[in-house]
Structure formats: structure tokens, C-alpha cells
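Just below is one structure, and these are the notes that go with it.
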Amino acid sequence: MPKIGMEKIRKQQLIDATLASIAQHGMHGTTISTISKLAGVSSGIISHYFGGKAGLLKGTTIYLLEQLKQDFLQQFTDSTPTPKERLAFIINANFSTAQSSNKAAVAWLSFWVQSMHDKELSQLQRVNHARLASNLRYSFKALIKRDYLDYCTNMLAAQIDGQWLRCALSQGSNAQFLNAANYCHALAEQLIDQYSN
């Protein structure tokens, strides 16, 4: 009889191994075998919990998306953040240590590329894109003129994605990711100053 809670532990173990394998071997070099070896389990465990490599890749992407959400929510205190603070929280979450670690950066890059050929990963990427835009728009709504909501949302989303991508592709240090986040904070301030209500 399986131990209570073992499924959660095993799934996380396999997700961690997937991230490690992608960092070491890339997406195409990552196989059931490389994952199971890094996890220290039989390859059958992957099929048991995820139905195969495709299911595990999807599960790993969902895990990264959930981490991004948690990085955002963990910044909240008992008080309700102001719209400016909320914008800052969104930026901080996208450049958090969890999102900018080498394993996460390589995995995100790999998933973005793979999403062009995989419907399920493509759907997850669209959800991620829509979530960022929705969160930015909600925060900007109280700060800028209505006519400029889409413009400011798209500008800041592009800055966040672009700065993160530049750092990830150059295998930037934590300091570089922090500097990139600061550029995004600066743009947010400029947009608010320029298009404020």
C-alpha cells in the first residue's frame, strides 16, 4: 500500500529531475531515461504519474507557472497593495530567484520553443501571456487614462518579457536579472507619469 503523500513527493521529484535534465541536456536531449536517472526512480514511475514524457513536460510547465503565481502572492501583506505596489509585485515576481535560476531559465526557454509545436504547451503559454496582461491592466487601470491602458499594458509586458529573455539568453547573474527588473520598474513609473489620470 503506498504511503500517504507519496504521490505529491514523487511528482515533485520528477519535476525537479525534468528541470535538471533540461538544464543539462536541453529539451531534445531530455528523455524518460535521463529524467528517471536524475530522479533515482524507474522510468515506469513517469508513466504512472504523468502518462509519459509529454505529460511530465506539461506538468513541469504548470509547476513553473504556479511558482510564478506564488512569487507574486508571497509579496502581499495583510494590507491591500496600492496599484503601484501591485505593479511592482508583478515585476518582482517575474524576476524572482525562482524564475531566474539557471534551471528555470533554460526550462522556460525550452518550453517557449516547444510551444510552437505542441498544442498543450502553446495553450499554457497563452494562459501565461493573458495572465500577465490582465494583471498589468488591472493595476494600471487606477493609475492612467483609459485610452492608454492597452498601450501601457503592452509596453510593460514587452519590457518584462524582453528584459527577462535577454538575461536568460546571456545566462545572466542574479545581479543582471535584478538590474533588468529595475529597468521595468523605471518604465512603469515613466508610463504612469506620462499617462496618469
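Any idea what the dipole of the stretch 34-142 comes to, in debye rounded to 20, about its Cα centre with Lys/Arg Cβ at +1 and Asp/Glu Cβ at -1?
With only Lys, Arg, Asp and Glu charged at Cβ, the dipole is about 220 debye.
On the full set of protein chains, 1.4 Å probe, figure out the accessible area of E189 and give it in Å² to the nearest 10.
That residue has around 80 Å² of solvent-accessible surface.
Please state the charge dipole magnitude for the stretch 1-73, taken about the Cα centre, from unit charges on C-beta atoms (+1 on K and R, -1 on D and E), reported in debye and rounded to the nearest 20.
180 debye
Determine which aspartates and glutamates satisfy two conditions relative to K145: a Cα distance under 17 Å, and not lying fewer than 8 residues away in the same chain.
E189, D193
Quick one: pull the percent of accessible area on the stretch 133-197 belonging to carbon and sulfur, 1.4 Å probe, ligands and nucleic acids left out.
Heavy-atom surface of the stretch 133-197 belonging to carbon and sulfur, 1.4 Å probe: 47 percent.
To the nearest 20 Debye, how big is the dipole of the chain about its Cα centre, given +1 on the beta carbon of each Lys and Arg and -1 on that of each Asp and Glu?
480 debye
May I ask you to give the solvent-accessible area per residue for the chain, in square angstrom, as obtained with a 1.4 angstrom probe?
Result: 57 Å² per residue.
If you roll a 1.4 Å probe over the stretch 12-74 with all protein chains in place, what percent of the accessible area is carbon or sulfur?
C and S fraction of accessible area: 53 percent.
The values are calculated or read from the model by the stated rules, or taken from the named source; none is laboratory data. None of these values were measured; they are calculated from a predicted model. Backbone-built Cβ (ideal geometry, glycine too); neighbour counts: all protein chains shown. All accessible areas refer to the heavy atoms of the entire protein, side chains included, with ligands and DNA or RNA removed. Shrake-Rupley method; radii C 1.70, N 1.55, O 1.52, S 1.80 Å.
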